[in-house]
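The values are calculated or read from the model by the stated rules, or taken from the named source; none is laboratory data. Given the structure is predicted, the values throughout are model-derived calculations rather than measurements. Counting neighbours? That spans all protein chains shown, and the Cβs are built from the backbone with ideal geometry, glycine included.
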Amino acid sequence: MRPDFSVLLLTTLIGAGQGLFLALFTVQLYAIAGLLPPPPGHAFYAHGSLVALLFLVGGLIASFFHLGRPERAWRSAAMWRTSWLSREVIVLPALMAVVFLFGVAHLAGWKPVLATLPSGIAIDATVALGVVGTVLAFALFLCTAMIYACLPFLREWASPLTVVNYTLLGGASGFTLAAAFASGVAPELTRFLAGWAFVITLLGALSRIASLIRNSRLKPKSTLQTAIGIKHPRIVQKAMGFMGGSYNTREFFHGRSGAVLRSVKWVFLLTAFAVPLALLAWGWSAAPAGVLAAAFVVQYAGLLAERWFFFAQANHPQNLYYQAVA
Amino acid sequence: MTQLALVIDLNVCVGCHACVTSCKEWNTSGSAGPLADLEPYGKDPTGAFFNRVQTFEVGEYPNTQTVHFPKSCLHCEDPPCVPVCPTGASYKREADGIVLVDYDKCIGCKYCSWACPYGAREVDPKRKVMTKCTLCVDRIYDQTRPESERKPACVMACPTSARLFGDIHDPESVVSQAIRDNAGYALMPEWGTHPANHYLPRRKTPMHIHEDELARADNPLKVDGLLPKPAKSEPTLDDVMSW
């Protein structure tokens with residue numbers, strides 16, 4: 001498939017936004033349980049929510065550049081019963097609203113106690129918003145990944161690993177962002193967040209490598225034989241029916257050589273996983289200012305490369321029909 | 001239930017592209033607006049087409065067959081492109097099974113084209129919406145046309161009648177009979193899309209000459225065997241006779 005830069009930006013930006021929100025709420029849950037010192041003031045949650053919101057809005061804006069008719073984008077919420085894309089279109093604004101309210105509630109100190117647990121821990125409105133936001137954030141990971149994983153003949157995508165990867169890679173970049181953010185506004189949380197970012201990045205690396213191994217072993221189900229229905233081991237296309245380009249020759253191929261594809265794979269394995277893991281470990285042990293921020297920037301660039309590879313590697317069966325110009 | 005479809009006879013198609021040009025002509029002149037035709041005389045012409053004829057070589061020289069393969073939307077009975085559409089612009093008509101795009105609802109997200117394993121959908125580069133074969137829905141129901149012309153433009157144009165049109169759910173229709181009688185098959189059956197369009201395979205017309213046909217075993221008087229067969233060295237009648 002041809003990687004469209006707007007979709008690369010959309011999926012990586014909202015992934016980081018979702019992950020950042022999950023990190024903020026994780027800190028709040030740990031603080032409520034008394035496992036972490038509560039961050040001083042509300043700047044951490046409120047400003048953190050603002051950053052998460054900016055990432056989500058950035059992703060939403062990027063998505064419009066993928067559309068031929070962006071002015072009709074509102075229509076895309078209609079078919080949520082059948083379309084994962086439609087579900088994503090609903091869940092993304094819902095998450096944005098909850099992240100906004102979560103930040104505002106923390107900023108305004110609006111914390112009416114809704115319930116009290118038997119252990120004496122008070123459940124206030126921000127916790128309720130956080131729980132709803134967490135559900136929505138995971139739902140959004142599911143929707144985004146299922147857009148790709150639900151297409152059975154794009155076999156590189158049609159795997160539960162796609163959902164695991166989108167969740168873990170979004171979570172990893174979000175927690176790395178949270179660690180970088182905390183090193184600025186709440187240094188006492190930096191080690192906690194950098195530790196989790198390290199763990200999630202490591203898990204993300206494992207699941208992404210698992211999907212690379214899976215995809216390298218795929219054997220195509222569709223062949224020229226099934227494409228035109230002729231049983232013969234040697235079939236060669238002599239003409240695709242036209243000599244200029246068409247949508248079919250542009251949309252479904254990345255247009256680069258196999259060497260580029262292979263080098264992008266190694267680039268993203270290094271920049272999305274290896275280098276950020278080293279920087280996170282460095283930031284976890286001692287924290288020179290900027291190390292964690294660098295970890296996020298490197299990881300985000302690496303995830304852009306990862307997403308490019310994700311698209312480029314997917315081999316659409318329609319390409320069988322477009323192999324020879326003559 | 002009706003499921004309109006094309007049946008394309010690969011044994012008859014000569015690859016003349018008449019269906020391609022007539023399709024483009026009909027669909028660029030219709031009420032839905034022109035199909036893009038960019039730089040038609042330039043270096044790199046492009047545009048939207050609903051139908052293409054491709055050419056494949058089967059086998060190894062000298063035992064090869066050239067197969068011309070017309071390709072358009074197959075109007076699948078279980079179309080994977082329809083449920084993925086976020087706006088409902090892509091739909092399959094209950095009445096006749098034609099898969100259509102509502103050009104006024106389409107947002108041009110291209111997702112349906114990703115979901116089609118056959119590459120049957122093309123974004124119109126000018127209108128920025130998804131387009132595809134309509135089975136000439138604006139022609140086949142046109143009451144002002146004589147009954148014999150209520151067929152898709154490609155079917156009307158085919159000089160060798162390689163394209164048949166009809167209802168594959170009606171067992172007596174010309175397309176159902178053609179599929180039954182000539183082993184019609186569907187493309188990429190592995191994805192369970194159940195394409196409505198079918199293809200008829202190449203058929204060989206072999207000639208068998210049996211021994212008894214050479215020896216005239218069916219000659220009841222056995223005249224052949226009774227006639228004298230002089231050796232080549234013996235004089236012929238011409239040698240001994242002066243006429």
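Is segment A:162-175 home to any residue that is out of contact with any Leu (no Cβ under 7 Å at 6 or more places or on another chain), in contact (Cβ under 8 Å) with a residue 24 or more places away in the chain, surrounded by fewer than 21 Cβ atoms within 10 Å (Cβ to Cβ) and under 20 Å from A:LEU203 (Cα atoms)? Yes, that holds for at least one residue.
For every residue, the table says whether it meets (1) of a type in the set (Ser, Thr, Tyr); (2) under 25 Å from B:GLY15 (Cβ atoms); (3) buried (at least 19 other Cβ atoms within 10 Å of the Cβ); (4) free of Cβ contacts under 8 Å to residues at least 40 places away in the same chain.
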{"residue": "B:LYS151", "(1), (2), (3), (4)": "no, yes, yes, yes"}
{"residue": "B:PRO159", "(1), (2), (3), (4)": "no, yes, no, no"}
{"residue": "B:ALA162", "(1), (2), (3), (4)": "no, yes, yes, no"}
{"residue": "B:GLY166", "(1), (2), (3), (4)": "no, yes, yes, no"}
{"residue": "B:VAL175", "(1), (2), (3), (4)": "no, yes, yes, no"}
{"residue": "B:LEU187", "(1), (2), (3), (4)": "no, yes, yes, no"}
{"residue": "B:TYR199", "(1), (2), (3), (4)": "yes, yes, yes, no"}
{"residue": "B:ARG202", "(1), (2), (3), (4)": "no, yes, no, no"}
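Highlighted here are the helices (runs of 4 or more DSSP H) found entirely within segment A:246-295 that include at least 1 residues which are within 14 Å of chain B (Cβ to nearest Cβ): A:247-251. Residues in segment B:75-109 that are at the interface with chain A (Cβ under 7 Å from one of its Cβ atoms) and surrounded by fewer than 22 Cβ atoms within 10 Å (Cβ to Cβ): B:PRO83, B:GLY88, B:LYS105, B:GLY108. Taken over segment A:233-244, the criterion of being assigned to a loop (DSSP other than H, G, I, E, B) and facing another protein chain (nearest Cβ under 7 Å) is satisfied by A:ARG234, A:MET240, A:GLY241, A:PHE242, A:GLY244. Restrict the check to segment A:266-273 and report whether at least one residue is modelled with pLDDT of 95 or more, crowded, with 19+ Cβ neighbours inside 10 Å, of a type in the set (A, V, I, L, M, F, W, C) and in contact with an Asp or Glu (Cβ under 8 Å, 6 or more places away or on another chain). Yes, some residue in segment A:266-273 is modelled with pLDDT of 95 or more, crowded, with 19+ Cβ neighbours inside 10 Å, of a type in the set (A, V, I, L, M, F, W, C) and in contact with an Asp or Glu (Cβ under 8 Å, 6 or more places away or on another chain). Looking across segment A:278-299 at every residue that is within 18 Å of the chain's Cα centre (by Cα) and under 20 Å from A:LEU206 (Cβ atoms), the one that is surrounded by the fewest Cβ atoms within 10 Å (Cβ to Cβ) is identified as A:VAL298.
Every residue in segment A:247-264 that is touching a residue at least 24 places away in the same chain (Cβ under 8 Å), surrounded by fewer than 17 Cβ atoms within 10 Å (Cβ to Cβ) and of a type in the set (D, E, K, R), please. Selection gives A:ARG250, A:ARG256. Taken over segment B:33-67, residues that are within 7 Å of another protein chain (Cβ to nearest Cβ), surrounded by fewer than 14 Cβ atoms within 10 Å (Cβ to Cβ) and either in contact (Cβ under 8 Å) with a residue 40 or more places away in the chain or over 30 Å from B:PRO201 (Cα atoms) (or both) amount to 1. If you take the residues in segment A:125-156 that are over 16 Å from the mean Cα position of the chain (by Cα) and within 28 Å of B:ASP78 (Cα to Cα), which one is surrounded by the most Cβ atoms within 10 Å (Cβ to Cβ)? Checking each candidate, the answer is A:PHE153.
Restricting attention to segment B:137-159, the residues that are within 22 Å of A:TYR321 (Cβ to Cβ) and assigned to a loop (DSSP other than H, G, I, E, B) total 2. For B:VAL155, the test of being more than 9 Å from chain A (Cβ to nearest Cβ) and out of contact with any helix residue (DSSP H, G or I) (no Cβ under 9 Å at 6 or more places or on another chain) is failed.
Summed over segment A:37-64, residues that are touching a residue at least 60 places away in the same chain (Cβ under 8 Å), part of a loop (DSSP other than H, G, I, E, B) and either among the hydrophobic types (A, V, I, L, M, F, W, C) or touching a helix residue (DSSP H, G or I) at 6+ places or on another chain (Cβ under 7 Å) (or both) total 3.
Scanning segment A:134-178 for residues that are within 14 Å of another protein chain (Cβ to nearest Cβ) and hydrophobic (A, V, I, L, M, F, W, C) turns up A:CYS143, A:MET146, A:ILE147, A:ALA149, A:CYS150, A:LEU151, A:PHE153, A:LEU154, A:TRP157, A:ALA158.
Just to be sure before I move on: is A:PHE64 within 14 Å of another protein chain (Cβ to nearest Cβ) and under 21 Å from the mean Cα position of the chain (by Cα) in the structure I sent? Judged against the criteria, A:PHE64 is a match. Kindly check whether there is at least one residue in segment A:299-319 that is farther than 22 Å from A:VAL163 by Cα and more than 14 Å from every other protein chain (Cβ to nearest Cβ). Within segment A:299-319 (the criterion being farther than 22 Å from A:VAL163 by Cα and more than 14 Å from every other protein chain (Cβ to nearest Cβ)), the answer is no, since none of the residues qualifies. So for segment A:218-241 (the condition being more than 30 Å from B:LEU200 (Cβ to Cβ) and more than 18 Å from the chain's Cα centre (by Cα)), does at least one residue qualify? Yes; the residues of segment A:218-241 include at least one that is more than 30 Å from B:LEU200 (Cβ to Cβ) and more than 18 Å from the chain's Cα centre (by Cα).
Small (Gly, Ala, Ser), in contact with a strand residue (DSSP E or B) (Cβ under 7 Å, 6 or more places away or on another chain), closer than 30 Å to B:VAL123 by Cβ and surrounded by fewer than 16 Cβ atoms within 10 Å (Cβ to Cβ): does that describe A:GLY244? Answer is yes for this residue.
Selection over segment A:83-108 of residues that are surrounded by 21 or more Cβ atoms within 10 Å (Cβ to Cβ) and farther than 18 Å from A:LEU22 by Cβ gives a count of 6.
Here's the yes/no breakdown for (1) buried (at least 20 other Cβ atoms within 10 Å of the Cβ); (2) part of a helix (DSSP H, G or I); (3) within 14 Å of chain B (Cβ to nearest Cβ):
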{"position": "A:ALA180", "(1), (2), (3)": "yes, yes, no"}
{"position": "A:THR190", "(1), (2), (3)": "yes, yes, no"}
{"position": "A:ALA197", "(1), (2), (3)": "yes, yes, no"}
{"position": "A:THR201", "(1), (2), (3)": "yes, yes, no"}
{"position": "A:LYS219", "(1), (2), (3)": "no, no, yes"}
{"position": "A:SER222", "(1), (2), (3)": "yes, no, yes"}
{"position": "A:ALA227", "(1), (2), (3)": "yes, yes, yes"}
{"position": "A:LYS231", "(1), (2), (3)": "no, no, yes"}
